[in-house]
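Following: one structure in structure tokens, then a few remarks.
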Amino acid sequence: MDTMELVQFLLRWVHFLAGVTWIGLLYYFNFVQTPFFAETEASTRTGAIQKLVPRALWWFRWGAMFTFLAGILIYIIKWAQLGGDFFSSGYGMAITIGGTMGTLMFLNVWLVIWPNQQVVIASANQVAGGGEALPDAASKGQWAGFASRTNTLFSIPMLFMMGAASHYPHGASGGNAAVFWIVSLVIIAVVELNALVGDAGGGTKKLLTSIPGVIWSGLILTVIFWILMEIA
């Protein structure tokens, strides 16, 4: 094993280790913690937000950071190795779409989920100290929730595309590559914008309020990307 192979191996290890930490906590927040908070008493929820959530969010956001940093370095190395054929290769197409979703997930963590959750935590601390809840805490928590559910939705096709890049036997003829890129990027943009803008009670956001809705949307999106990859 030469030096570059060793570097790539170690980067993949960091990418996998940090990714398991990040996505594991993402699923914990969405599949376990959120339903629990909806059913528990206010005092229990406030205590958990004070003492449990900050710890979980620390591992969550730094898991996202190291997953992203290791991933982008792997991507740059592979791009340099494949040269001009990168974006027309099956590997380049799959890894770029998967990486695009992963990058948006990373940005959602640091620019949407974490800032909004800081307000929620500050509000819980204020209530625990005998004060009033911050007036925007509920809306901030809701937007953090939409971004988190969107990350859960994205994670399903993202993991498929990441695995497909190296392990699914597909190629790219180049004949329909433009269709692949245009349709894939438009879909990703629409899903992300749905989390960030618009009426919180809008029809498309209702999918994000249901765990089965999020999972089915992620699976459907995976099938769409799979079909697009096959015809590219």
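Things to note:
- Odd one out for K140 among (1) farther than 22 Å from G218 by Cβ; (2) touching a residue at least 40 places away in the same chain (Cβ under 8 Å); (3) not β-branched (V, I, T): (2)
- Across the stretch 81-140, the number of residues qualifying as more than 30 Å from M229 (Cβ to Cβ) and aromatic (F, W, Y) comes to 1.
- Subset of the stretch 123-137 [of a type outside the set (D, E, K, R), without any contact (Cβ under 8 Å) to a residue 60 or more places away in the chain and surrounded by fewer than 16 Cβ atoms within 10 Å (Cβ to Cβ)]: Q126, G129, G130, G131, A133, P135
- Test: residue in the stretch 156-164 that is without any contact (Cβ under 8 Å) to a residue 12 or more places away in the chain, of a type outside the set (S, T, N, Q) and surrounded by fewer than 19 Cβ atoms within 10 Å (Cβ to Cβ): yes
- Residue in the stretch 214-223 that is assigned to a loop (DSSP other than H, G, I, E, B), of a type in the set (G, A, S) and modelled with pLDDT of 85 or more present: no
- Those helices (runs of 4 or more DSSP H) lying entirely in the stretch 16-115 with at least 1 residues exposed (fewer than 15 other Cβ atoms within 10 Å of the Cβ) and out of contact with any Cys (no Cβ under 7 Å at 6 or more places or on another chain): 34-39, 42-51, 53-82
- For the stretch 94-122, residues that are within 17 Å of Y75 (Cα to Cα) and touching a residue at least 24 places away in the same chain (Cβ under 8 Å) total 12.
- Residue count, the stretch 116-134 (criterion: in contact with a Lys or Arg (Cβ under 6 Å, 6 or more places away or on another chain) and assigned to a loop (DSSP other than H, G, I, E, B)): 0
- Residue within the stretch 59-77 that is within 21 Å of N30 (Cα to Cα) and of a type in the set (D, E, K, R) present: yes
- For beta carbons closer than 6 Å, sequence separation of 6+ or different chains, a first residue in the stretch 3-19 that is modelled with pLDDT of 95 or more and a second that is of a type in the set (A, V, I, L, M, F, W, C) and in a helix (DSSP H, G or I), the qualifying pairs are L11/A70; L11/L73; L11/I74; V14/A70; H15/A70; A18/F66.
- Breaking point among (1) surrounded by fewer than 18 Cβ atoms within 10 Å (Cβ to Cβ); (2) hydrophobic (A, V, I, L, M, F, W, C); (3) in contact with a Lys or Arg (Cβ under 7 Å, 6 or more places away or on another chain), for F146: (1)
- Within the stretch 166-200, restricting attention to residues that are exposed (fewer than 11 other Cβ atoms within 10 Å of the Cβ) and within 23 Å of L26 (Cα to Cα), the residue that is modelled with the lowest pLDDT is V197.
The values are calculated or read from the model by the stated rules, or taken from the named source; none is laboratory data. Quick caveat, the model's predicted, so the values are computed rather than measured. Reconstructed Cβ throughout: ideal geometry from the backbone, glycine too, with neighbour counts over all protein chains shown.
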